[in-house]
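*Asks:* Please read through the structure below; I'll follow up with questions.
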Amino acid sequence: MTRFLPDEFRIPAIGAGVIVLAALLPLFDDGFYLAMAVNIVLYAALCTAWALFSGPTHYISLATAAFFGLGTYAVALGNELLPFPLLVALGAAIAAVLAGFVGAATLRISGVYFVIFTLGLAELVRQIVSWAQVKWSTRMGLYVFTDFTEAHIYWMLLALTAAVFLTGWLINRSRLGFAMQIIGNDEAVARHCGIDTARLKIILFMISGAFIGMAGAIVAPRYLYVAPPSAFNPTISFLVVIMALLGGTRWLWGPLVGVIPFTIVMEFVSANFPNDTSIVIGIVFLVIVYVLPDGVTGRLEQLLARMRRTSTASKAATVKEAA
Amino acid sequence: MSAALSVTTVRKSFGGLVAVNDLSFEVERGELYGLIGPNGSGKTTMLNLISGALQPDAGEIKLAGATISGLAAHRIARLGVARTFQLVRVLPSMDAERNVMAGAVFGHRSLWGAELHELARELLALVGLRGREHVPVVAMTYIDQKRVELARAIASDPQVLLLDEWLAGLNPSELAIGIELIERLSRQGRTIIMVEHVMDAIRTLCGRCLVMSSGRLIKEGGVAEVLSDPEVVRAYLGDDDA
Ligand SMILES: Nc1ncnc2c1ncn2[C@@H]1O[C@H](COP(=O)(O)OP(=O)(O)OP(=O)(O)O)[C@@H](O)[C@H]1O
Ligand SMILES: [Mg+2]
């Protein structure tokens, strides 16, 4: 039998189909649902990009807001000078450079310090930008005027999400992906297999940071008015961690499983209980860590494994009886 | 031609404890060299220093004449030093084949694709695990995990192979198989340094060996001569394994 596609290409083919379908959404709605879809796609890109690095390394990065904000600022500052695609690329480059420095400075130290360092870094970047803005401009924020509609932003984010997934898929099939898997299993063994663990982690962190920077650049026109507290909002960093962990980071599509329900619930919560949003986030975080330490996909995987075990066990029993 | 490995007055201390105390020795190409000594005498530390898991405080280690002490572990691995661990270390989320593949991708061999799979299958057969490629390592017995680890180490085609008590914990029949396997690797011309408590294995396999005690070299030379040396016997007194 000739198959339409080899197995390994089935998942990207399904992914491409889903993206095409999702791209049709703005034709049906340009209000509430589109706004929600923008959030979903934004966090799908952010969480998947975050998990490219944090999934295999188990390092929790809270620097998302820094990369994101730098991307936003690349657009806010350069909007009148350079074409938009160039600014998105610039946002990616600046975020990647910052990620490279952070990685070089911290990835040799243990995971706990990495979390604290990235959180501190995001705050530092925000403070520096605020300070610079006060010093060199009279306004606290910047206006971003573009012709982009919500639908345009949605399509760009969708394309970005597709790019993140494609990158992740390619990495998983590459030496880099295999190396990261070995590092995730046992870093000492990885080194004795000839893997330059520090360098690979830095490369992966830069790739991850670049995508987050691009996301920040793409949504900049949505703000109209960009100021440090919104562009470098630390809540972004926390939400990304929560959603990605809710979904689970063992699989490329794991974070997506967290992003979709979480974004919808958040939309509901912030509409109905605008003052208690952070409490809800806090509670959800506790529940995830306690009930679903490996995320929804991790839990599913365990259940599947258990089912498979019982079925092979019963099969073995049948074979024995027959013999 | 320079020795496969030469260690010159290498020293390593942990706080006040001198785990390796000015140790010097040379291993020739193709030699199967034993490193023995009572518990805590510094054998594993010595292997850690050679493989770059630890950096020596003083002294020099050369691989085929080129200095490797001071290099990072991954660079030493790429130059051709492979090792197993005293407590077996497999990659738990993977099957046997991928565990072995891990050894051949990032070193000088740098294989990928069909060739890599083929090599992994070949090496698994060599260590006695033919047909077990797709068994998850966590579902394997201790000796089979040790076999996987050994296959991973030789997958890089190392110039020097370091075995840290690879035979420990095996039952008598497994031990016979294990000794034969190491002998076969040695006959292929590999340079092997083995740390071992099983004296029978040292007697059968090694030409020369070195005895450590409290970080110092107390005797080096032909196995028969070394193992009958009164000082060596004394060093081992009270050590059940001797
Ligand atoms: N990373 C470390 N930090 C502190 N002390 C260490 C470290 N590694 C080893 N030691 C100490 O150095 C000494 C030598 O240890 P080592 O593991 O090299 O001995 P060994 O000869 O391999 O012993 P065994 O036969 O029990 O495996 C021991 O006293 C040990 O406690
Ligand atoms: Mg030891």
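The values are calculated or read from the model by the stated rules, or taken from the named source; none is laboratory data. Small disclaimer: the values here were computed from a predicted structure and weren't measured. Here the Cβ is made from the backbone with ideal geometry for all residues, glycine too, and neighbour counts use every protein chain on show. The protein model used for the area step is the full one, side chains on, heavy atoms only, and it has no ligands, DNA or RNA in it. Shrake-Rupley method; radii C 1.70, N 1.55, O 1.52, S 1.80 Å.
*Asks:* Would you call B:LEU167 open to solvent by 30 Å² or more (accessible area, probe 1.4 Å), away from chain A (no Cβ under 14 Å), outside any helix (DSSP H, G or I) and within 16 Å of ligand 1 (Cβ to nearest atom)?
*Replies:* Values: open to solvent by 30 Å² or more (accessible area, probe 1.4 Å): no; away from chain A (no Cβ under 14 Å): yes; outside any helix (DSSP H, G or I): yes; within 16 Å of ligand 1 (Cβ to nearest atom): yes.
Spelling it out, it is not the case that B:LEU167 is open to solvent by 30 Å² or more (accessible area, probe 1.4 Å), away from chain A (no Cβ under 14 Å), outside any helix (DSSP H, G or I) and within 16 Å of ligand 1 (Cβ to nearest atom).
*Asks:* Give me the residue from region A:144-176 that is within 12 Å of chain B (Cβ to nearest Cβ) and more than 28 Å from B:ILE50 (Cα to Cα) and, out of that set, modelled with the highest pLDDT. Steps first, please.
*Replies:* Step one: list which residues in region A:144-176 are within 12 Å of chain B (Cβ to nearest Cβ), which gives A:173-176.
Now restrict to residues that are more than 28 Å from B:ILE50 (Cα to Cα): A:173-174.
Numbers: A:ARG173: 90, A:SER174: 93.
Ranking the qualifying residues of region A:144-176, first place goes to A:SER174.
*Asks:* For A:PHE211, indicate whether it is under 16 Å from A:CYS47 (Cα atoms), open to solvent by 10 Å² or more (accessible area, probe 1.4 Å) and either of a type in the set (Gly, Ala, Ser) or under 16 Å from the mean Cα position of the chain (by Cα) (or both). Walk me through how you get there before you give the answer.
*Replies:* On the way: under 16 Å from A:CYS47 (Cα atoms): yes; open to solvent by 10 Å² or more (accessible area, probe 1.4 Å): yes; either of a type in the set (Gly, Ala, Ser) or under 16 Å from the mean Cα position of the chain (by Cα) (or both): yes.
So A:PHE211 passes the test.
*Asks:* Among B:ARG83, B:ARG98, which is over 17 Å from A:GLN181 (Cα atoms) and within 12 Å of another protein chain (Cβ to nearest Cβ)?
*Replies:* Numbers: B:ARG98 fails: over 17 Å from A:GLN181 (Cα atoms).
Going through B:ARG83, B:ARG98 in turn, the sole match is B:ARG83.
*Asks:* Additional query: Do we find a residue being of a type in the set (Val, Ile, Thr), part of a helix (DSSP H, G or I) and open to solvent by less than 10 Å² (accessible area, probe 1.4 Å) anywhere in region A:77-100? Lay out the reasoning, then the answer.
*Replies:* Taking region A:77-100 as the starting set, the residues that turn out to be of a type in the set (Val, Ile, Thr) are A:88, A:94, A:97.
Those still in the list that are part of a helix (DSSP H, G or I) too: A:88, A:94, A:97.
With the extra rule that they be open to solvent by less than 10 Å² (accessible area, probe 1.4 Å), the set shrinks to none.
No, region A:77-100 has no match at all.
*Asks:* Quick one: in region A:193-208, which of the residues that are more than 19 Å from the chain's Cα centre (by Cα) and β-branched (Val, Ile, Thr) is nearest to the other protein chains (Cβ to nearest Cβ)?
*Replies:* Here is the first cut: in region A:193-208, the ones more than 19 Å from the chain's Cα centre (by Cα) are A:193-199.
From what's left, β-branched (Val, Ile, Thr): A:195, A:197.
Details: A:ILE195: 5, A:THR197: 7 Å.
Here the residue is A:ILE195.
*Asks:* Are there helices (runs of 4 or more DSSP H) fully within region B:1-108 with at least 1 residues that are more than 16 Å from ligand 2 (Cβ to nearest atom) and in contact (Cβ under 8 Å) with a residue 60 or more places away in the chain? List them.
*Replies:* Numbers: elements: B:43-51, B:73-79, B:96-105.
Those helices (runs of 4 or more DSSP H) span B:73-79.
*Asks:* Here's another thing I want to ask about it. Can you go through B:ARG130, B:ARG121, B:ARG89, B:ARG109 and tell me which one is at the interface with another protein chain (Cβ under 8 Å from one of its Cβ atoms) and open to solvent by 10 Å² or more (accessible area, probe 1.4 Å)? Reasoning before the result, please.
*Replies:* Numbers: B:ARG130 fails: at the interface with another protein chain (Cβ under 8 Å from one of its Cβ atoms); B:ARG121 fails: at the interface with another protein chain (Cβ under 8 Å from one of its Cβ atoms); B:ARG109 fails: at the interface with another protein chain (Cβ under 8 Å from one of its Cβ atoms).
Going through B:ARG130, B:ARG121, B:ARG89, B:ARG109 in turn, the sole match is B:ARG89.
*Asks:* Does B:ARG121 count as part of a helix (DSSP H, G or I) and more than 29 Å from B:ALA58 (Cβ to Cβ)? Even if it seems obvious, please write down each step before you answer.
*Replies:* Working: part of a helix (DSSP H, G or I): yes; more than 29 Å from B:ALA58 (Cβ to Cβ): yes.
Here the answer is yes, as B:ARG121 does meet what is asked.
*Asks:* Return yes or no: is B:ALA104 among the aliphatic types (A, V, I, L, M), surrounded by 23 or more Cβ atoms within 10 Å (Cβ to Cβ) and at the interface with another protein chain (Cβ under 9 Å from one of its Cβ atoms)? Break it down into steps so the answer makes sense when it comes.
*Replies:* Working: among the aliphatic types (A, V, I, L, M): yes; surrounded by 23 or more Cβ atoms within 10 Å (Cβ to Cβ): yes; at the interface with another protein chain (Cβ under 9 Å from one of its Cβ atoms): yes.
Taking the combined requirement at face value, the residue satisfies it.
*Asks:* Does B:SER2 meet the test of being away from ligand 1 (no atom under 14 Å from the Cβ) and either open to solvent by 10 Å² or more (accessible area, probe 1.4 Å) or in contact with a strand residue (DSSP E or B) (Cβ under 7 Å, 6 or more places away or on another chain) (or both)? Walk me through how you get there before you give the answer.
*Replies:* Details: away from ligand 1 (no atom under 14 Å from the Cβ): yes; either open to solvent by 10 Å² or more (accessible area, probe 1.4 Å) or in contact with a strand residue (DSSP E or B) (Cβ under 7 Å, 6 or more places away or on another chain) (or both): yes.
So B:SER2 fits the description; yes.
*Asks:* Ok, one more. Within region A:28-39, is there a residue that is of a type in the set (Ser, Thr, Tyr), within 19 Å of A:TRP251 (Cβ to Cβ) and surrounded by fewer than 22 Cβ atoms within 10 Å (Cβ to Cβ)?
*Replies:* Within region A:28-39, the first condition is being of a type in the set (Ser, Thr, Tyr), and the residues that meet it are A:33.
Of the ones still in play, those that are also within 19 Å of A:TRP251 (Cβ to Cβ) are none.
The answer is no, given that none of the residues of region A:28-39 is of a type in the set (Ser, Thr, Tyr), within 19 Å of A:TRP251 (Cβ to Cβ) and surrounded by fewer than 22 Cβ atoms within 10 Å (Cβ to Cβ).
*Asks:* Is it the case, given these coordinates, that B:LEU63 is crowded, with 20+ Cβ neighbours inside 10 Å, more than 8 Å from chain A (Cβ to nearest Cβ) and over 18 Å from B:VAL148 (Cα atoms)? Give the steps one after another, and end with the answer.
*Replies:* Numbers: crowded, with 20+ Cβ neighbours inside 10 Å: yes; more than 8 Å from chain A (Cβ to nearest Cβ): yes; over 18 Å from B:VAL148 (Cα atoms): yes.
Against the criterion (crowded, with 20+ Cβ neighbours inside 10 Å, more than 8 Å from chain A (Cβ to nearest Cβ) and over 18 Å from B:VAL148 (Cα atoms)), B:LEU63 qualifies.
*Asks:* Give region B:15-43 a look and list any residue that's within 11 Å of ligand 1 (Cβ to nearest atom) and either closer than 21 Å to B:HIS197 by Cα or outside the structural domain of B:ILE218 (by TED's automatic domain parsing) (or both), or say none.
*Replies:* To start, the set of residues in region B:15-43 that are within 11 Å of ligand 1 (Cβ to nearest atom) comprises B:15-21, B:35-43.
Listed by number, the residues that qualify are B:ALA19, B:VAL20, B:ASN21, B:LEU35, B:ILE36, B:GLY37, B:PRO38, B:ASN39, B:GLY40, B:SER41, B:GLY42, B:LYS43.
*Asks:* Here's another thing I want to ask about it. Considering only residues of region A:109-127 that are part of a helix (DSSP H, G or I) and of a type in the set (A, V, I, L, M), which is farthest from A:PHE232 (Cα to Cα)? Full working, then the answer.
*Replies:* Just the residues of region A:109-127 that are part of a helix (DSSP H, G or I), to begin with: A:111-127.
Cutting the leftovers down to of a type in the set (A, V, I, L, M) gives us A:112, A:115-116, A:119, A:121-122, A:124-125.
On the way: A:VAL112: 22, A:VAL115: 17, A:ILE116: 16, A:LEU119: 11, A:LEU121: 11, A:ALA122: 7, A:LEU124: 10, A:VAL125: 8 Å.
The residue in question is A:VAL112.
*Asks:* For region A:240-277, how many residues meet the condition of being at pLDDT below 85 and either in a helix (DSSP H, G or I) or at positive phi (or both)?
*Replies:* 9
*Asks:* Quick check, is B:GLY70 open to solvent by 30 Å² or more (accessible area, probe 1.4 Å) and either at pLDDT 95 or above or more than 14 Å from chain A (Cβ to nearest Cβ) (or both)?
*Replies:* Values: open to solvent by 30 Å² or more (accessible area, probe 1.4 Å): yes; either at pLDDT 95 or above or more than 14 Å from chain A (Cβ to nearest Cβ) (or both): yes.
Yes.
*Asks:* Filter region B:138-164 down to the residues that are surrounded by fewer than 24 Cβ atoms within 10 Å (Cβ to Cβ) and more than 16 Å from ligand 2 (Cβ to nearest atom) and list them by number.
*Replies:* To start, the set of residues in region B:138-164 that are surrounded by fewer than 24 Cβ atoms within 10 Å (Cβ to Cβ) comprises B:138-145, B:154, B:157-159, B:164.
If the condition is that a residue be surrounded by fewer than 24 Cβ atoms within 10 Å (Cβ to Cβ) and more than 16 Å from ligand 2 (Cβ to nearest atom), then B:VAL138, B:ALA139, B:MET140, B:THR141, B:TYR142, B:ILE143, B:ASP144, B:GLN145, B:ILE154, B:ASP157, B:PRO158, B:GLN159 are the ones that fit.
*Asks:* Can we say A:ILE242 is open to solvent by less than 40 Å² (accessible area, probe 1.4 Å) and within 14 Å of another protein chain (Cβ to nearest Cβ)? Reasoning before the result, please.
*Replies:* Numbers: open to solvent by less than 40 Å² (accessible area, probe 1.4 Å): yes; within 14 Å of another protein chain (Cβ to nearest Cβ): no.
Answer is no for this residue.
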